[in-house]
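The values are calculated or read from the model by the stated rules, or taken from the named source; none is laboratory data. Quick caveat: nothing in here was measured; it's all calculated off a predicted structure. Heads up, the Cβs are rebuilt from the backbone with ideal geometry, glycines too, and the neighbour counts pull from every protein chain shown. Just so you know, the surface numbers come from the protein's heavy atoms only, side chains and all, with ligands and any DNA or RNA stripped out. Shrake-Rupley method; radii C 1.70, N 1.55, O 1.52, S 1.80 Å.
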Amino acid sequence: MLQIAVIGLGDISALHLAAIKGSELASLVAVCDHDPSLKGKAEGVPFYTDYMELLSEEQPDCVHICLPHHLHDEVTRACVKKGVHVFLEKPITTSAESSLSLIELVENQKEAKVCICLQNRLNATVQELRKIVKSGELGQIIGIKGLVTWHRPSSYYDVKPWRGTMKGSGGGVMINQAIHTLDLMQLLGGDVHSIRGSIDCLIENKHEVEDTAIAHLSFKSGATGLFFATNANATNDSVEVQVTFEKGECRIKDSILTKKWADGKKEFVVEDEKVAGTKFYYGASHAKLIHQFYQCIATDSDEYIHVREAQSSMELIQAIRDSSEQNKRINLEGSITI
């Protein structure tokens, strides 16, 4: 039985705690947060306000890190250096550049596995869409579209000020909300050759980070991509991923994958599982990915989402930011790949 600890008891930790509780491979042994008022989120296990004390006293096999972005690097390093496996909420760190040294640390040691929580890869819709892409039944990919139209009021940043700063979060809508969509676009389309993007704040506020981003991607395969993400919508709408092929198209919307052939025939493929009592945009795959990672630890398998894979979306985010600031297309020279 794996001994598990959770560091960081913010909103997302509830999904992690539920998955640990439901696992036959693991047992929660401790939690940690700097805020003592959160002690009640995990009753029956020791509560710490100092993560180094937790690591020393409890010596867990695996730690779930559910902290603000700017703390990911520090705490992950501490765990890895102690040989403790890490299940890390996205993103890796606050920037593509800062993530590189952490990736180097992780890859240069063999004791600790680090899995990045890009759980939407395990959604049924995404899994089936990847099979369709691989089968070639609809021909080659011509284009990929990713849309994220959500709403984040000023109070979202006010309640947790780190979200509104570049130092604390590394950005706004791209790294906080739409990183999953960018991850899926390059997962489906392959190498990204170049990108032209623009970021802005459509809603005037006192925060440093962008609330809107748009980008045109050129894939090495010759396909193109359109990415649009905003937190300036009136509500949180369904994320949409559309793949256009030579012989038809596939679309994920409202957690349903549909396939449409060139003659107009449309068919339902699969619908994602839903978890009652959680925000719809979290999806239902946290538990799947967590269980998969526990199995990898138990069997010493490498079939999990490595930090190197997660770096791809980090580099896309940086390229969009650079393109916007420099007002030109950024050539990635095929460096973005899985």
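Using the Cβ of S27 as centre and a radius below 15 Å, the other residues enclosed give a net charge of -3, where K and R count +1 and D and E count -1. Determine the sum of side-chain charges near E267: Lys and Arg each +1, Asp and Glu each -1, restricted to other residues whose C-beta is under 14 angstrom from that of E267. Every neighbour counted, the sum reads +1.
Full extension of the chain between N327 and D35 gives 100.9 nm of extra length, using 0.36 nm per residue less the Cα-Cα distance.
Helix 179-189 axis versus longest C-alpha principal axis of the chain: approximately 50°, rounded to the nearest ten. Rolled with a 1.4 Å probe across the full set of protein chains, the surface gives R251 an accessible area near 70 Å².
Tell me, what is the 1.4 Å probe accessible area of T299, in Å² to the nearest 10? Here the residue's solvent-accessible area equals roughly 100 Å². Simple spin-label estimate for S155 and E104 gives 4.5 nm between the two label positions (7 Å along the Cα-to-Cβ direction from each Cα). The listed residues T258, T93, T224 rank as T224, T258, T93 when sorted by accessible area, largest first, using a 1.4 Å probe.
Shape descriptor for the range 1-153: Rg over Rh equals 1.04 (Cα atoms; Rh from the Kirkwood inverse mean 1/r).
The modelled label-to-label distance for the pair V45/E240, using points 7 Å beyond Cα in the direction of Cβ, is 4.0 nm. Report the longest stretch of the chain that contains none of the GluC sites (Glu not before Pro) sitting in a DSSP loop with at most 14 other Cβ atoms within 10 Å. Within the chain, the longest run free of exposed GluC sites (Glu not before Pro) spans 44-110. Candidates V31, H193, V275 compared by Cα position along the dipole of the chain: farthest toward the positive end lies H193, with charges placed on Cβ. One chain, two ends: E24 and Q140. Fully extended at 0.36 nm per residue, the span grows by 37.6 nm beyond their Cα-Cα distance. Net charge in the neighbourhood of C296 (other residues with Cβ under 9 Å of its Cβ; Lys, Arg +1, Asp, Glu -1) is -2.
What the chain shows is 45 Å² of accessible area per residue, with the surface traced by a 1.4 Å probe over protein heavy atoms.
How far, in degrees from 0 to 90, does helix 124-135 lean away from the longest principal axis of the Cα atoms of the chain, to the nearest 10? Tilt relative to the chain: about 50 degrees.
For the chain, take the longest principal axis of its alpha carbons; what is the angle in degrees between that and the long axis of helix 96-107, to the nearest 10 within 0 to 90? Between the helix axis and the principal axis of the chain, the angle is about 60 degrees. By accessible area, using a 1.4 Å probe on protein heavy atoms only, the chain has 49% of its surface on carbon and sulfur. Of the DSSP beta bridges with both residues in the chain, give the percent that are antiparallel, rounding to the nearest 5. Around 60 percent antiparallel, to the nearest 5.
Based on DSSP H runs of at least 4 residues, each adding -39500 (n - 2.57), what is the mean residue ellipticity at 222 nm of the chain after dividing by all its residues, to the nearest 500 deg cm²/dmol? Intermediate values should be presented prior to the final figure.
Values: 11 runs with 110 residues, N = 338.
When only DSSP H runs of four or more count, the value is -9500 deg cm²/dmol.
Of all lysines in the structure, those lying under 20 Å Cα to Cα from K328, and not within fewer than 8 positions of it along the same chain, are K220.
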